[in-house]
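Trainee: To start, I am sharing the structure in question, which I have written as C-alpha cells.
Since every read-out is calculated from the coordinates, none of them should be taken as a lab result. Model, not experiment: these values are computed from the prediction. Every residue, glycine as well, gets a Cβ built from its backbone with ideal geometry; the counts of neighbours run over all protein chains shown.
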C-alpha cells in the first residue's frame with residue numbers, strides 16, 4: 001500500500017513538473033515569436049525580451065532536470081510496487097495452499113473423530129455403568145485422560161513411580177478391581193509390563 005501510494009504521489013509530481021515545463025516552453029515560444037516578428041523595436045525592450053528568453057531557457061532546463069529526477073523515482077516506485085505485488089501474490093498462494101492442507105487435515109480429523117466416537121460407543125456399552133461414570137468424571141477433571149497405563153511401576157498419566165506400599169496394594173488387588181493412582185487419581189490399567 002505504501003509503495004502504491006508512493007508511486008501515485010510520484011506520478012502526480014511528474015505530471016505537475018511536466019506541466020511546469022510546458023508553461024515555461026510556451027512562454028518562451030511566445031517571447032521568441034514576438035522577438036522574431038519585429039513587433040518590439042525599442043532596444044531596451046529587445047534586451048529585456050532576450051534576457052527573459054535566456055532566463056526561461058535556463059528555467060526550462062532546471063525543470064526538465066526535475067522531471068527526469070521524478071521519472072527516475074517513479075520508475076523505482078513502480079519496480080518496488082511490482083516486486084511487492086509479486087511477493088504478495090506468492091505469499092497469498094502459499095496461504096491458500098496451507099489453508100487447503102489445513103482443511104484437508106481437518107476433514108481427516110473429523111472422519112477419525114467420528115470413527116473413534118463410534119468405536120468408543122461400542123466399548124462403552126460393554127463397560128459397567130458405574131465404572132464408565134467414574135472414567136468420564138476423571139477424564140473431565142484430568143484434561144481428557146481418565147485412565148493411564150501402569151508401566152514399570154510408573155503411572156503413565158502423571159509419570160510418577162508408585163510407592164512400594166501402593167505397589168503392594170495394586171499387586172494384591174483382584175484383576176477385576178478398579179485401582180487408582182494415589183498421585184493423579186486416574187484409573188490404572190495393569191498389563192504384563194506393569195512391573196508387578
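Trainee: Counting only DSSP beta bridges with both residues in the chain, what percent are antiparallel, rounded to the nearest 5?
Mentor: Around 50 percent of the beta bridges assigned by DSSP in the chain are antiparallel ones.
Trainee: Could you pull out which residues in the stretch 71-97 have an amide N less than 19 Å from a spot 7 Å beyond the Cα of residue 108, following the Cα-Cβ vector?
Mentor: 95-97
Trainee: Here is a further query. Using only Cα atoms and rounding to the nearest 10 degrees, what angle (0 to 90) does helix 129-141 make with the longest principal axis of the chain?
Mentor: Between helix and principal axis, roughly 40 degrees.
Trainee: For the stretch 129-190, what does the alpha-carbon gyration tensor say about shape, rounded, prolate or oblate, given a ≥ b ≥ c as the root eigenvalues, a/c under 1.5 as rounded, and a/b over b/c as prolate?
Mentor: Oblate, because a/c is 1.5 or more while a/b does not exceed b/c.
Trainee: Measure nothing but the geometry: give the 0 to 90° angle between the long axis through the Cα atoms of 43-126 and the longest principal axis through the Cα atoms of the chain, rounded to 10°.
Mentor: Once rounded, the angle reads 10 degrees.
Trainee: How many percent of DSSP beta bridges within the stretch 129-190 run antiparallel, rounded to 5?
Mentor: Rounded to the nearest five, the antiparallel share is 50 percent.
Trainee: Hey, in the GNM for the chain with a 10 angstrom Cα cutoff, which one of 26, 92, 78 fluctuates hardest?
Mentor: Maximum fluctuation in the GNM of the chain, among the listed residues, is at 26.
Trainee: Moving on. Suppose only helical runs count, i.e. DSSP H with n ≥ 4. What mean residue ellipticity at 222 nm does that imply for the chain under -39500 (n - 2.57) per run, divided by all residues and rounded to the nearest 500 deg cm²/dmol?
Mentor: The helix contribution divided over the chain gives -26500 deg cm²/dmol.
Trainee: Test of understanding: what is the full-extension gain from residue 27 to residue 99, defined as 0.36 nm times their sequence separation minus their Cα-Cα distance? Kindly include the intermediate steps, with their values, before the conclusion.
Mentor: Values: separation 72, 0.36 × 72 = 25.92 nm, distance 6.20 nm.
Taking 0.36 nm per residue and subtracting the Cα distance, the gain is 19.7 nm.
Trainee: At 0.36 nm per residue, minus the direct Cα-Cα distance, what do residue 87 and residue 140 gain on full extension? Give it in nm, one decimal, please. Working shown, then result.
Mentor: Values: separation 53, 0.36 × 53 = 19.08 nm, distance 4.67 nm.
Fully extending the segment from residue 87 to residue 140 adds 14.4 nm.
Trainee: How long are the three semi-axes of the equivalent ellipsoid of the stretch 6-69, in whole Å, if each is the root of 5 times an eigenvalue of the C-alpha gyration tensor, listed from largest down?
Mentor: 31, 10, 6
Trainee: Per 10 Å bin, what is the whole-percent P(r) computed from every C-alpha pair distance within the stretch 65-107?
Mentor: Bin by bin from 0 Å, the calculated values are 26, 25, 20, 14, 10, 5, 0.
Trainee: Between the helical axis of 2-37 and the dominant principal axis of the chain, each derived from Cα atoms, what acute angle in degrees is found, rounded to the nearest 10?
Mentor: It is inclined by approximately 0 degrees.
Trainee: Between residue 152 and residue 37, with labels modelled 7 Å along Cα→Cβ, what's the label distance in nm to one decimal, could you check?
Mentor: The modelled label-to-label distance comes out at 10.8 nm.
Trainee: Please compute the length gained on full extension between residue 62 and residue 121, using 0.36 nm multiplied by the number of residues separating them and subtracting their Cα-Cα distance.
Mentor: Contour length minus Cα-Cα distance gives 12.6 nm.
Trainee: Over what distance in Å are the Cα centres of the stretch 1-67 and the stretch 120-159 separated?
Mentor: 89
Trainee: Which values of log₁₀ I(q)/I(0), to two decimal places, follow from the Debye formula for the chain at q = 0.08, 0.15, 0.17, 0.19 Å⁻¹ with a uniform point scatterer at every Cα?
Mentor: -0.60, -1.00, -1.11, -1.20
Trainee: For residue 19 and residue 51, FRET efficiency with R0 = 25 Å and r from the beta-carbon atoms, rounded to 0.05?
Mentor: E(calc), rounded to 0.05, equals 0.55.
Trainee: While we're here: With springs only between Cα atoms under 10 Å, which of 90, 126, 37 fluctuates most in a Gaussian network model of the chain?
Mentor: 37
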